[in-house]
């Protein structure tokens, strides 16, 4: 009888322990259920849903500010083939919040305000953040928020421009990431404040032998190492826009 009573007590204790563990796991999992801001791909999906898939071939740029890590609002600029101007859309929570026709004005695209070839996009803003933050870590740069711009470069390739900022909104540095292959093409304000043009152009003009000072050599090495690591990060966060949009 005593043995049976003791077995019942042990069972009750084990049940209570299991219940406490389950409650603890649910509390830990709660933040996962929290609503996060929409990514750039989700904003573009809203554009396609509202204006049709053809509108996705008229995208000139998409920008977002104060991302933590994603911004609360995306600003999408579309080319308007009817009047030659542009159209500005505000996307909030994955939905079109406002729609304005801007007419003729400068926009954040290439020199010709070229539209983005969305079929070549392999990096969502969440992936751009991962690559940029990893690059910032390699440069020992601390930041709090990120500003995003996706546009074409002077060769017509889609480029993420991610500017990292401190709590006081002071810019820490800007990272240029190819949105097709994930390569970090250049940085500004990082790696001791030198751009790769500064590093690669700092030759000994008198000797003509292309001697780079040791400090600049270290900067160049750090940049290329961060670039190599960013490629590995890209392999983990790569995301085709066509696959994303066709899953609807």
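The values are calculated or read from the model by the stated rules, or taken from the named source; none is laboratory data. Source: prediction; values computed, not measured. For neighbour counting, all protein chains shown are included, and Cβ atoms are generated from backbone atoms with ideal geometry for every residue, glycine included.
Within the range 143-168, track down each residue that is in contact with a helix residue (DSSP H, G or I) (Cβ under 8 Å, 6 or more places away or on another chain) and farther than 20 Å from residue 119 by Cβ. Result: 143, 146, 148, 162, 164. The residues on offer are 136, 128, and the sole one that is surrounded by 17 or more Cβ atoms within 10 Å (Cβ to Cβ), within 17 Å of the chain's Cα centre (by Cα) and at pLDDT below 90 is 136. In summary, residue 112 fulfils each of the numbered conditions (1) in a strand (DSSP E or B); (2) modelled with pLDDT under 95 with the single exception of condition (1).
Give 232, 182 a once-over and let me know the one that is within 30 Å of residue 76 (Cα to Cα) and at pLDDT 85 or above.
Working: 232 fails: at pLDDT 85 or above.
182 is the lone residue from the list that is within 30 Å of residue 76 (Cα to Cα) and at pLDDT 85 or above.
Screening residue 84 against (1) on the phi < 0 side of the Ramachandran plot; (2) at pLDDT below 95; (3) surrounded by fewer than 19 Cβ atoms within 10 Å (Cβ to Cβ) leaves a single unmet condition, (1). Can you confirm whether the range 176-183 contains a residue that is assigned by TED's automatic domain parsing to the domain that holds residue 68 and over 23 Å from residue 120 (Cα atoms)? Checked the range 176-183: no residue is assigned by TED's automatic domain parsing to the domain that holds residue 68 and over 23 Å from residue 120 (Cα atoms).
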